[in-house]
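*Asks:* Encoded as structure tokens, here's the structure I'll be asking about.
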Amino acid sequence: MNRIRFLRVKNELKQQELAQIIHVSQSSLSGYENEKYEPDKKTLLKLSEFFGVSTDYLLGAEEKSRLRKAPLQRIPVYKCLNGNKKQASKYILYDMEINKFKDDGSEYFGLQMFGDSMAPRIFPGDLVIVRRQSRAENGDVAVMQINGGNATVKKVVKFGGGITLIPYNPMYSPVSYTDDEIARLPVVVLGKAVEIRGKF
């Protein structure tokens, strides 16, 4: 069996899901799996990083994969998030496995970025891995929900009596909330960004 297809099936991923993760079309991924053509170097590196195997293994040059020994956990990846866990499942794009950060029982999820307010650090299409938590420290990049709307990713800066949410993109302006506004709107922390998986 083609090794890309083998790893995809082993990880219970559909072609469309893996294609989204490595930023190629489903038809391109199908071509790799049917060995009509080989992925380019950047795509090979993306596949290698995601599955934890060498590029040589993907090309058939090794007999055994060099799988990461770190324990894995499966997390949902959302296209958007509004903090309502009962409705969250309908926004799931796919599930994926990641290396466990800690064995502390923390819950993680992924959020696919669509806006450009955090460019050039985080671009549309990048995947943000988030530890679910209800507090953010000064300087954290956090997933925030404002007034019940969809989640937004911003840097949190605290000041006496409130917080400021700062985008990295200079085309967007920071927005500040007083402690009263945080409680009244409300302004809610859904989690802290712990890893960014970007496009090549």
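*Asks:* Give segment 140-151 a look and list any residue that's over 20 Å from the mean Cα position of the chain (by Cα) and not in a loop (DSSP other than H, G, I, E, B), or say none.
*Replies:* Result: ILE146, single match.
*Asks:* Another question, then. Evaluate segment 116-139: report whether one residue or more is over 26 Å from SER48 (Cβ atoms), outside the structural domain of PHE50 (by TED's automatic domain parsing) and assigned to a strand (DSSP E or B).
*Replies:* yes
Matching residues to (1) without any contact (Cβ under 8 Å) to a residue 12 or more places away in the chain; (2) closer than 21 Å to ALA119 by Cβ; (3) in contact with a Pro (Cβ under 7 Å, 6 or more places away or on another chain):
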{"position": "GLY148", "(1), (2), (3)": "no, no, no"}
{"position": "ALA151", "(1), (2), (3)": "no, yes, no"}
{"position": "LYS154", "(1), (2), (3)": "no, yes, yes"}
{"position": "LYS158", "(1), (2), (3)": "no, no, no"}
{"position": "GLY162", "(1), (2), (3)": "no, no, no"}
{"position": "ASN169", "(1), (2), (3)": "no, yes, no"}
{"position": "GLU181", "(1), (2), (3)": "no, no, no"}
{"position": "ILE196", "(1), (2), (3)": "no, yes, no"}
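*Asks:* Keeping to segment 152-175, report how many residues are in a strand (DSSP E or B) and either surrounded by 14 or more Cβ atoms within 10 Å (Cβ to Cβ) or β-branched (Val, Ile, Thr) (or both).
*Replies:* Qualifying residue count for the region: 12.
*Asks:* Scan segment 162-169 and give yes if some residue there is of a type in the set (Ser, Thr, Tyr), assigned by TED's automatic domain parsing to the domain that holds LYS79 and under 30 Å from LYS41 (Cβ atoms), otherwise no.
*Replies:* Scanning segment 162-169 turns up at least one residue that is of a type in the set (Ser, Thr, Tyr), assigned by TED's automatic domain parsing to the domain that holds LYS79 and under 30 Å from LYS41 (Cβ atoms).
*Asks:* Out of VAL24, VAL53, which single residue is outside any helix (DSSP H, G or I), of a type outside the set (D, E, K, R) and closer than 17 Å to GLY198 by Cα?
*Replies:* Selected residue: VAL24, the only one of VAL24, VAL53 that is outside any helix (DSSP H, G or I), of a type outside the set (D, E, K, R) and closer than 17 Å to GLY198 by Cα.
The values are calculated or read from the model by the stated rules, or taken from the named source; none is laboratory data. Owing to the predicted nature of the structure, the values given are computational and were not obtained by experimental measurement. Positions of Cβ are generated from backbone atoms using ideal geometry, with glycine treated the same way; all protein chains shown enter the neighbour counts.
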